[in-house]
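All remarks here apply to the structure that follows.
The values are calculated or read from the model by the stated rules, or taken from the named source; none is laboratory data. Not measured: the values here are computed from a predicted model. Here Cβ is always computed from backbone atoms with ideal geometry, including for glycine, and neighbour counts include all displayed protein chains. What goes into the accessible areas is simple: the full protein's heavy atoms, side chains included, and nothing from ligands, DNA or RNA. Shrake-Rupley method; radii C 1.70, N 1.55, O 1.52, S 1.80 Å.
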Amino acid sequence: MLTKRIVPCLDIKDGRTVKGVNFVDLRDAGDPVVLAKQYADLGADELVFLDISATQEKRRTMHDMVLKVAEQVNIPFTVGGGISSIEDVDDLLHCGADKVSINSSAVKRPGLINELSQKFGSQCIVVAIDAKKIGEEWFVHLAGGTIPTDIKLFEWAKEVEDRGAGEILFTSMNHDGTKGGFANEALAKLSDLVNIPIIASGGAGTIQHFADTFKLGKADAALAASVFHFGEIPIIELKKELRKQGVEVRL
Amino acid sequence: MDLKIVNYGAGNIKSIQFAFQRLGYDAVLSNNPDEIIKADKVIFPGVGEASSAMKMLRASGLDALIPQLKQPVLGICLGMQLMCNHTEEGNTKGLGIFNTNVKRFSNNVKVPQMGWNRIKNLKSGLFKGISEKEYMYLVHSYYAEDCDESIATSDYEIDYASALENDNFFGVQFHPEKSGKIGEQLLKNFLEL
């Protein structure tokens with residue numbers, strides 16, 4: 001049976017891991033390659049690198065990083081942040097990234113999803129969606145969740161699938177950073193609506209939150225940052241408990 | 001060891017090269033039939049859409065070469081699928097090395113299958129030291145039907161062939177280059193065949 005995936009997410013700025021990483025026995029917690037190797041050894045199923053560099057020039061350092069990660073890490077990884085063209089994707093895949101994640105650029109020009117999935121295959125195109133629940137409705141937000149749009153989450157998710165996305169990474173702005181659990185109701189609705197895998201993001205605080213997002217939220221994968229970076233939830237412990245609760249994981 | 005990766009424009013080739021590099025081997029890309037035919041071992045990769053990959057293969061004349069190779073050949077992902085008789089993807093005729101057909105998963109499951117799945121019914125030296133409890137990383141929308149040449153099966157809606165063997169030809173649906181230490185063990189086994 002296909003297992004549920006546990007996905008640590010690393011924020012990268014100018015080729016270095018951004019603050020907030022406090023790993024045991026690490027020489028250099030700022031080095032994404034060292035961290036990525038550590039996570040692979042500790043049982044992570046996949047990794048996401050989010051480039052938050054401010055300028056295009058600094059982004060080029062991302063290519064070197066991707067190349068080094070691909071060289072040394074033996075599990076799949078996704079690269080996101082500032083990707084807006086076929087050339088961007090071509091460069092990253094050539095450096096060894098397995099998947100790329102696009103967000104604002106897809107909202108601004110939805111045809112980009114079609115172009116990328118036709119050229120590179122759906123399997124490597126992840127569309128990240130940041131959304132916030134306002135009243136009874138979920139609205140898509142841009143630029144790391146700071147800019148609201150009038151696009152409705154579920155309509156956008158369906159469109160993204162129809163245009164050829166291979167996977168959706170859904171972050172709830174209402175839950176992100178709260179450590180109060182994932183947006184399971186919206187996640188379950190998304191999972192029923194589309195037939196591509198859904199990665200849950202935003203709200204991980206406890207092991208039970210992960211179990212809930214797989215069981216109640218029907219998520220295919222769960223992404224988190226700080227609970228892993230600070231060692232609050234060791235991945236092996238998490239997976240053992242998930243298995244005990246009947247969630248299939250790779251152990 | 002002379003290890004060649006068939007380079008016909010379809011593939012996640014960098015990751016495969018890096019995986020061999022981690023094992024201490026230099027895998028060289030080649031689309032030159034004279035070089036490929038002389039290699040000790042050949043890797044036939046592939047990612048993307050079947051009919052366009054087959055077109056690229058034909059354009060380089062490699063479609064005729066691959067079935068004639070005598071050394072161990074390992075097809076990975078789409079590479080394995082193209083070694084079968086036929087694939088539903090783009091209604092594409094394959095190389096006919098493996099006597100099975102490739103079909104699309106139904107919409108009763110999420111497509112593509114993406115992630116780690118267990119490999120079972122292991123039947124080949126390719127899996128030396130690898131137990132039935134292990135997992136491999138897969139990303140695919142199409143699967144090879146279970147058949148006599150299956151050397152591993154996986155379960156996603158149905159049991160399908162996740163690895164195949166016929167004489168010197170091997171194929172794996174999963175990505176050993178992305179499947180952690182277990183995947184590296186499989187690549188090592190292939191090199192030691």
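Farthest toward the positive end of the dipole of the range B:114-193, out of B:Tyr135, B:Ile151, B:Leu122, is the Cα of B:Tyr135, where the dipole comes from beta carbon charges about the Cα centre. Shielding value for B:105-117 is 6, the average number of Cβ atoms from other chains within 10 Å of each residue's Cβ. Annotation for B:Val109 and B:Arg58: the two label points, set 7 Å from Cα along the Cα-Cβ direction, are 3.1 nm apart.
Within 10 Å of each Cβ in peptide B:130-140, how many partner chain Cβ atoms are there on average? Round it to a whole number, please. Don't jump to the answer; show the numbers that get you there.
Working: counts 0, 0, 0, 1, 1, 7, 1, 8, 1, 10, 1.
Whole-number average of other-chain Cβ neighbours for B:130-140 is 3.
As a fraction of the 1.4 Å probe accessible area of the range A:54-173, surface on carbon and sulfur atoms comes out at 49 percent. Taking every protein chain into account, the accessible area of the range A:5-244 amounts to 40 square angstrom per residue (probe 1.4 Å). Rounded, prolate or oblate for the protein assembly as shown? Axes are the square roots of the Cα gyration tensor eigenvalues, ordered a ≥ b ≥ c, and the cut-off for rounded is a/c under 1.5. Taking the square roots of the gyration eigenvalues as a ≥ b ≥ c, the protein assembly as shown is prolate.
To the nearest 10, the accessible area of A:Arg163 is 70 Å² with a 1.4 Å probe. How would you classify the range A:5-244 from its alpha-carbon gyration tensor, with a ≥ b ≥ c the square roots of the eigenvalues: rounded for a/c under 1.5, else prolate if a/b is greater than b/c, otherwise oblate? It comes out oblate by the Cα gyration axes.
Which whole-number value in Å² is the accessible area per residue of chain B, probe 1.4 Å?
Accessible area per residue, chain B: 38 Å².
Between B:Leu95 and B:Met83, B:Cys84, the built amide H atoms are under 5 Å apart, and every one of these is 5 or more places off in sequence or on another chain.
Using the Karplus relation 6.51 cos²θ - 1.76 cosθ + 1.60 with θ = phi - 60°, the per-residue 3J(HN,Hα) values for the range A:71-78 come to 5, 10, 10, 9, 10, x, 9, 10 Hz, with x marking Gly and Pro.
For the set A:Val140, A:Val18, solvent exposure ranked by accessible area (probe 1.4 Å, protein chains only) runs largest to smallest as A:Val18, A:Val140. Accessible surface buried at the A:B interface totals approximately 2600 Å², computed with a 1.4 Å probe on protein heavy atoms.
Of the residues making up the range A:72-87, those losing 10 Å² or more of accessible area when the isolated chain is joined by the remaining protein chains, with a 1.4 Å probe, are A:Gln72, A:Val73, A:Asn74, A:Ile75, A:Pro76. Loop-located GluC sites (Glu not before Pro) in the range A:89-154 (DSSP state not H, G, I, E or B) with no more than 12 neighbouring Cβ atoms inside 10 Å: A:Glu136. Using a Gaussian network model of chain A in which every pair of alpha carbons under 10 angstrom is joined by a spring, one finds that among A:Ile207, A:Ile134, A:Ile86 the greatest mean-square fluctuation is at A:Ile134. Close amide H pairs (under 5 Å, H built 1.01 Å from N) link A:Ala224 with A:Val7, A:Cys9, residues at least 5 positions away or on another chain.
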